[in-house]
Amino acid sequence: MDAEATGRAATRHRVVHIITGLSQGGAEASLYRLIRTSGMHWDTVVISLADEGYYGEKLRSLGVTVLCCRMRAPHQLVGGFIRLLRFLRRSRPHVVQTWMYHANLLGGVAARLLGVRAIVWGIRNTHLYEGGVSWSARAAAGLSAALSKRVPRLIISCSVQAAAEHRRRGYADDRMVIIPNGYDCAQLRRDAAAGERLRSAWGALPPTFLLGMVARWDPLKDHANLFAALQLLRADDQVRCVLIGPGMDASNARLQQLLRRYQLHSQVVLAGAHDDIAAVMSALDVHVLSSVSEAFPNVVAEAMACGTPCVVTDVGDAAAIVGDTGWCVPPRDPAALCAALQAARVRLASSDPQPLRDACRARIVRDFNGERMVQAYEAAWAEALGSHGS
């Protein structure tokens with residue numbers, strides 16, 4: 001190693017990310033993008049309170065150490081917390097960045113017990129109501145509010161609306177920082193050939209108007225709202241909708257029951273999980289978000305980066321992401337959602353869709369690129385470190 005490289009190694013700090021799990025969720029995807037885009041400016045360790053999930057191997061392929069506490073049930077809490085303490089002590093972090101409520105609480109407490117003061121929490125929910133998030137997440141969020149003035153140096157929210165909601169719930173206002181999610185727009189771009197292949201596989205080649213929603217099976221995504229809107233569109237046999245994501249397949253009995261209730265089996269394609277998000281978004285004419293609650297919905301930005309216009313419900317920062325490039329309607333209003341979908345179809349059919357596609361992509365490249373997110377996180381870590389020392 002030459003002198004310059006030795007000097008760089010000597011000045012590198014280590015950030016340990018503690019996250020509730022590594023499944024296919026928005027927080028997990030943002031952590032992965034943050035580490036991949038940063039180019040490992042900091043030495044990085046990831047600790048999952050649960051297991052490796054979907055992103056564990058992907059993180060390892062970037063050269064990141066991934067450690068798992070195996071806290072998947074209440075009776076595993078004590079053993080898992082002891083493992084968390086051991087992992088943290090071994091990792092010797094300069095900064096601890098936590099993600100989501102359980103990790104904020106347990107990771108923050110563990111880091112303080114070991115003498116770490118440069119602790120940064122991450123919050124990514126807007127609403128905390130029964131049926132929307134688990135009872136343990138609500139409990140962790142409540143305890144965290146009480147500790148927010150003592151444990152973290154900073155609290156990063158991915159969403160303006162989420163920050164406002166948590167301030168209302170008692171989180172320390174003077175420690176709140178808003179850092180929107182960022183995206184690798186070099187990888188997220190329209191791929192017409194891949195999109196056409198998917199449309200063919202789904203039986204939805206033009207002139208079929210293809211709507212789609214990328215989302216896991218979750219009450220917050222409010223698929224019933226989407227299905228009620230589609231029922232209003234059902235008379236038009238040139239409209240189809242594809243559902244992509246974990247749980248969006250024929251094995252989901254509750255989903256099948258909902259489709260039967262709205263008589264939509266012939267109109268809806270259940271595609272399941274799909275790794276190539278650019279191909280998926282390139283296949284769609286319009287991406288739909290029917291959620292009742294979000295913070296910063298990644299799928300909207302991902303769709304727009306691929307040049308796909310969006311119809312969204314007015315939840316979290318969805319309206320701010322879309323701006324004037326799409327359509328925004330109130331949540332839980334199928335008639336308004338149906339009207340917006342009809343307006344989108346008319347707009348795309350009556351004029352060249354390319355200018356709108358270009359505007360969608362330009363908005364994400366300008367306002368939500370990955371480099372901007374990395375710089376903001378690294379500035380937050382440097383501030384936390386500077387305030388408390390290494």
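Among Trp121, Trp42, Trp202, rank each residue by its count of other Cβ atoms within 10 Å, from fewest to most, as a rough exposure measure. Before the final figure, lay out each step's value.
Values: Trp121 31, Trp42 21, Trp202 18.
Fewest-to-most ranking of Trp121, Trp42, Trp202: Trp202, Trp42, Trp121.
Estimated from helices alone, the mean residue ellipticity of the chain at 222 nm is -14000 deg cm²/dmol (sum of -39500 (n - 2.57) over DSSP H runs with n ≥ 4, per residue). The dipole here belongs to the chain: it is taken about the Cα centre, uses +1 on the Cβ of Lys and Arg and -1 on the Cβ of Asp and Glu, and is about 1260 debye.
At a temperature of 4 °C and a viscosity of 1.567 mPa s, determine how fast the range 192-367 diffuses translationally according to Stokes-Einstein, using the Kirkwood radius over alpha-carbon pairs as Rh; express D in µm²/s, rounded to the nearest whole number.
Details: Rh = 15.8 Å.
Estimated via Stokes-Einstein, D reaches 82 µm²/s.
Mind checking the dipole of the range 192-367: about its Cα centre, +1 per Lys or Arg Cβ, -1 per Asp or Glu Cβ, Debye to the nearest 20? Walk me through the intermediate numbers first.
On the way: 16 positive and 18 negative charges, 79 e Å.
Its charge dipole is roughly 380 debye.
Relative intensity of the chain on a log10 scale, I(q)/I(0) at q = 0.14 Å⁻¹, equals -1.21, per a Debye sum over C-alpha point scatterers of equal strength in the absence of solvent. Between Ala279, Ala146, Ala27, the Gaussian network model of the chain with springs among Cα atoms under 10 angstrom shows the greatest mean-square fluctuation at Ala146. Among Asp249, Asp191, Asp237, the residue with the largest mean-square fluctuation in a Gaussian network model of the chain, with springs joining Cα atoms closer than 10 Å, is Asp237. Remark: relative contact order (the range 192-367) = 22 percent; criterion is Cα-Cα distance under 8 angstrom and separation of 6 or more residues.
In a reduced charge model with +1 at each Lys and Arg Cβ and -1 at each Asp and Glu Cβ, the range 176-240 shows a dipole moment near 100 debye about its Cα centre.
Which of Met248, Met176 has the fewest other C-beta atoms within 10 Å, and how do the rest follow up to the most?
Ranking Met248, Met176 by Cβ neighbours within 10 Å, fewest first, gives Met176, Met248.
Using C-alpha pairs below 8 Å separated by at least 6 residues, the relative contact order for the chain is 15 percent. Put in order of Cβ neighbour count within 10 Å, fewest first, the listed residues Lys58, Lys221, Lys149 become Lys149, Lys58, Lys221.
Values quoted throughout were computed directly from the atomic coordinates according to the rules given, and no laboratory measurement underlies them. Please read all numbers here as calculations on a predicted model, not as lab measurements. Reconstructed Cβ throughout: ideal geometry from the backbone, glycine too, with neighbour counts over all protein chains shown.
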